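Some notes on the structure that comes next.
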Amino acid sequence: MKHPCLRLALAAAIGVVLAACSQTMGALAAQPARADATVGAQALKKLPRKAGERVAVTLYEVRTELPGVSARSATEMFKTALVQSGQFRVVERARLNDGVMREKQLQLSGLASGKAAARTLRGAQYVFEGTLSETNAGERQRSAGVGVAGAQLGGSSNRDTIAIDVRIVDAGNGDIVDAVSVRRSIRSDEAGVSGTSSLIGTILAQRGKSSPYTPEVQAQQRHSEGIDSALRAVIDEAVLQLARRFEP
């Protein structure tokens, strides 16, 4: 290769591609499993364990209006957060037929030993009713770009907001005695570069040179907070608020 500037351009282009590939492979590498260490989960675990009899609560289903978020997953996250808080006696209702009632039937039929079949289920004093919503899709969107001799550099950011509303219902009379509402922003950022062949061609032309081997590099990087982590964050905060409502 006779042109020093072309060699330099090729080296730079290859460097960009290798760096992008390295970051991508690093992101795709298997990560070891670990216990939930989010800020909200840690805050729940740090709550002082309530002494004596805890108030019995239940949650039938978290309704969701979020695309890609199942009601069952959100419900399980909510129940996990309630248990982790140590402030409530959480009684199962949504999946009784999957576990408790099946075990009772086995014992009642004599196929399994035990006294569970003769015991009645614990009643809930309060029912939590939760609804997930996307309060403002695309609340804030920004984008910018610049062109340099045919090369294009650009970036954009987007912010959505999700929310959870939880009502506290007295199981005895059906009264809605309190409610909490939590909102959280989800941010995503994107940046990209393209058109490097035009830039290199312009540089060579200014020097009175040309080459048929002008490299074209396209690179794009995107960072976005996952809906799962944002969902857990709003649920954890909602449970923290609920725990404060039941403080003596």
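The values are calculated or read from the model by the stated rules, or taken from the named source; none is laboratory data. Quick caveat, the model's predicted, so the values are computed rather than measured. Here Cβ is always computed from backbone atoms with ideal geometry, including for glycine, and neighbour counts include all displayed protein chains. Only protein heavy atoms, including side chains, enter the accessible area calculation; ligands, DNA and RNA are left aside. Shrake-Rupley method; radii C 1.70, N 1.55, O 1.52, S 1.80 Å.
Name the single residue that is modelled with the lowest pLDDT among those in region 180-201 being more than 25 Å from the chain's Cα centre (by Cα) and open to solvent by 50 Å² or more (accessible area, probe 1.4 Å).
199
What number of residues within region 122-179 are at pLDDT 60 or above, part of a strand (DSSP E or B) and under 25 Å from residue 232 (Cβ atoms)?
24
Scan 92, 76, 61 and give me the residue that is over 17 Å from the mean Cα position of the chain (by Cα), under 20 Å from residue 165 (Cα atoms), modelled with pLDDT of 90 or more and not β-branched (Val, Ile, Thr).
Only one candidate passes the filter, namely 61.
Of everything in region 102-117 that's aliphatic (A, V, I, L, M) and open to solvent by 90 Å² or more (accessible area, probe 1.4 Å), which residue is farthest from residue 166 (Cα to Cα)? Steps first, please.
Of region 102-117, the ones aliphatic (A, V, I, L, M) are 106, 108, 111-112, 116-117.
Retained after the next criterion (residues that are open to solvent by 90 Å² or more (accessible area, probe 1.4 Å)): 108, 111.
Numbers: 108: 37, 111: 41 Å.
Looking at the filtered set, the residue picked out is 111.
Name the residues in region 161-173 that are closer than 24 Å to residue 65 by Cβ and open to solvent by less than 70 Å² (accessible area, probe 1.4 Å), would you?
If the condition is that a residue be closer than 24 Å to residue 65 by Cβ and open to solvent by less than 70 Å² (accessible area, probe 1.4 Å), then 161, 162, 163, 164, 165, 166, 168, 169 are the ones that fit.
Within region 58-101, how many residues are assigned to a loop (DSSP other than H, G, I, E, B) and exposed (fewer than 14 other Cβ atoms within 10 Å of the Cβ)? Please lay out each step first, then the result.
Within region 58-101, the subset assigned to a loop (DSSP other than H, G, I, E, B) is 65-70, 86-87, 91-95, 99.
Still in the running and exposed (fewer than 14 other Cβ atoms within 10 Å of the Cβ): 65, 67-68, 70, 95, 99.
Summing the residues that are assigned to a loop (DSSP other than H, G, I, E, B) and exposed (fewer than 14 other Cβ atoms within 10 Å of the Cβ) in region 58-101 gives 6.
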